[in-house]
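J.: Below is the structure I would like to discuss, written out as structure tokens.
Read-outs throughout are calculated quantities, based only on the coordinates presented, and are distinct from any laboratory measurement. Not measured: the values here are computed from a predicted model. Here the Cβ positions follow ideal geometry from the backbone for every residue, glycine too, while neighbour counts run over all protein chains shown.
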Amino acid sequence: MKQVVDWLNWYRDMGVEMIATKGLVYEEINFCHFDERSEEKSSLEIQELKISRYARNDNTEIYSQTLTAVREELGDCQRCKLCATRTNIVFGSGNEKATLMFVGEGPGADEDLQGLPFVGKAGELLTKMISAMGLSREDVYIANIVKCRPPNNRPPEEDEIAPCLPFLKKQIEAIAPKIICALGTFAAQTLLSTKTRIADLRGKFYDFRCNDTCDAIKVMPTFHPAYLLRNPSEKKKAWEDLKKIMKEINPS
Ligand code: URA
């Protein structure tokens, strides 16, 4: 029940007043029933809150082997100066056949220690954003522009991005997601090769190609969860962006 309450609180913060239930009919929710201090009051059935998940018909074996091969090729990477200060390489985690992939900037202190992406405070918010979409972290794939922590969480530098980006592109090729959600200025600007501000980029789909022969993948830039923690009033805009992604994945 705690998870459901967290989920509903996240919806409320986002300004959501309607929720998809069976058959994608939108029903109104009375959020006053979902106060963490009064869990017994809630009467909505858990199954009514589920938004349908997305299925793909990929060849599991091929995709997982490819992603494993990318990890092997990366090895104990010494291709840039971040290797001297990192604890762990943060390769990425999640579903190797994910329809939806999230790309952040680079690991922070918690991620560096655990070797996993988005496991700190911003990661907690990202997890809530994913569950508000009716998905779990196991349904999506999460990675970063750079795989090693920049000291003091400074933005990654050109000579760090250049050797790392080809590995992210290979991961994207292996996973072949339908949509990439670029989290924050840095991820959006890097994937889209632009200097446009995130506030102007967000909310629209753009085409991204891993190479000249690849099919285009749609990229939706949105605000970084760390920015949303500092600017909670922007959560509504992020939720608008996530709803566009949900609609694109599951149009019915
Ligand atoms: N911020 C990011 O951009 N990536 C992480 O993995 C964690 C925090």
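J.: Could you tell me the extents of the range 170-242's C-alpha atoms along the three principal axes, largest first, rounded to whole Å?
T.: If we take the Cα atoms of the range 170-242, the spans are 40, 23, 18 Å.
J.: Another question about this same structure. Convex hull over the alpha-carbon atoms of the range 70-130: what's its volume per residue in Å³?
T.: 94
J.: Cβ neighbours within 10 Å, averaged per peptide: list 245-251, 168-174 in order, most packed at the top.
T.: My ranking of the peptides, most packed first, is 168-174, 245-251.
J.: Ok, one more. I'd like the projected area of the range 70-175, averaged over all directions, using the convex hull of its alpha carbons. Report it in nm² with one decimal.
T.: Result: 6.2 nm².
J.: Quick one: which residues, 5 or more positions from residue 181 or on another chain, have an amide H under 5 Å from its amide H? H modelled 1.01 Å from N in the peptide plane, none for Pro or chain starts.
T.: Sorted by chain and number, the residues that satisfy this are 101, 102, 103, 220.
J.: Also: Mind pulling the per residue volume of the convex hull built on the Cα atoms of the range 205-249? Å³ is fine.
T.: 70
J.: For the range 118-252, just run the numbers: alpha carbon Rg, then divide by 2.2 N^0.38 Å, N being how many residues it has.
T.: 1.02
J.: Separate question: Quick one: in the range 185-225, what % of C-alpha pairs are over 11 Å apart?
T.: That fraction is 63 percent.
J.: For the cross-link pairs 178/204; 195/218; 121/247, which exceed 21 Å when the distance is taken from alpha carbon to alpha carbon?
T.: Beyond 21 Å between Cα atoms: 121/247.
J.: Out of every Cα-Cα pair in the range 138-216, what percent are more than 16 Å apart?
T.: When every Cα pair of the range 138-216 is considered, 54 percent fall beyond 16 Å.
J.: Continuing with the same structure: Can you tell me the length gained on complete extension of the stretch residue 12 to residue 110, counting 0.36 nm per residue apart and subtracting the Cα distance?
T.: 32.5 nm
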